[in-house]
1. For A98, which sequence-distant residues (separation of 5 or more, or a different chain) have an amide H within less than 5 Å of its own amide H, given hydrogens modelled in the peptide plane?
2. Applying the Karplus parametrisation 6.51 cos²θ - 1.76 cosθ + 1.60 with θ = phi - 60° to the phi angles of region 57-66, what ³J(HN,Hα) value in whole Hz is obtained for each residue in order, glycine and proline being reported as x?
3. How do 84-92, 46-54 rank on mean C-beta neighbours within 10 Å, highest first?
Amino acid sequence: MGTPKTRKRPELARHYRRWTRADVKILRDTWGTVTLATIAEKLGRSPLTVYYFATKAGLQRGCPQGFEYLTAAATRTGFDTGQLRVILASAGVKLRVAMALPKKRRHYHVVSPDLVDEAVAAWMKLEGLPD
């Protein structure tokens, strides 16, 4: 039957659904691998709801431990961010999405510093430049 709020406004029904174990499993499995909007769409919830539940569930937000932001990696290695993306793609390194507050329209990417260093070293050997 629903709550009084959802009976009056059926479009609010998704906001008052309880989180099932299956929902939590999907959230934990996809957290940090795809965008917040994608997770929200898969769960049929708003991105803000997913973000706050993830916070409540203790999932890490921002840059995970052992990773660095792509922009920081670019600065550290001396490459432009776009060029570093090309280098990482050529080495088969996949970027992860940092989970940030959904009101921001930008996605922040994180990557393992070790993988960045390996990809840059391989790129330098291909280019024939000194390390």
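1. For A98, the qualifying residues are Y108, H109, V110.
2. Per residue, the Karplus-derived 3J(HN,Hα) values read 7, x, 6, 6, 10, x, 7, x, 4, x Hz.
3. Peptide ranking by packing, descending: 46-54, 84-92.
Each reported figure results from applying straightforward, stated rules to the coordinates on display, with no laboratory input. Source: prediction; values computed, not measured. Cβ: placed from backbone, ideal geometry, glycine included. Neighbour counts: every protein chain shown.
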